[in-house]
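Beneath this line is the structure, given in structure tokens, with notes to follow.
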Amino acid sequence: MGEALAGPGGYFGWGWDAFRDCLCGGFGLTAPFTLVWHDADIARQAPAAAVFASDGLLSYVEEIVQILEDAGVTVVLA
């Protein structure tokens, strides 16, 4: 996700807070924009723990999409 948002070698830090911060501008892309997530089905199959969100239990992919959409990004799962 770091490279998708900040280019080759892109890095936004560690954890959900850092991910949210990178969407606020200052470096990388600034919303609104559209992110086309190719092979999203492969990401859904990757072993990852579920995440506890305020609205219940989400998969890792669902949490990422929700954070992006909350920041004003349109996400297309391809």
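Run the numbers for residue 31 and residue 62: contour at 0.36 nm per residue of separation, minus the present Cα-Cα distance, in nm.
Gain on extension, residue 31 to residue 62, equals 9.3 nm.
For a quick protection proxy, order the peptides 11-17, 71-77 by their average other-Cβ count within 10 Å, most packed first.
The densest-packed peptide leads the list: 71-77, 11-17.
Each reported figure results from applying straightforward, stated rules to the coordinates on display, with no laboratory input. Remember, predicted model here, so these are calculated numbers, not experimental data. Don't worry about glycine lacking a Cβ; one is built from the backbone with ideal geometry, like all the others, and counts go over all protein chains shown.
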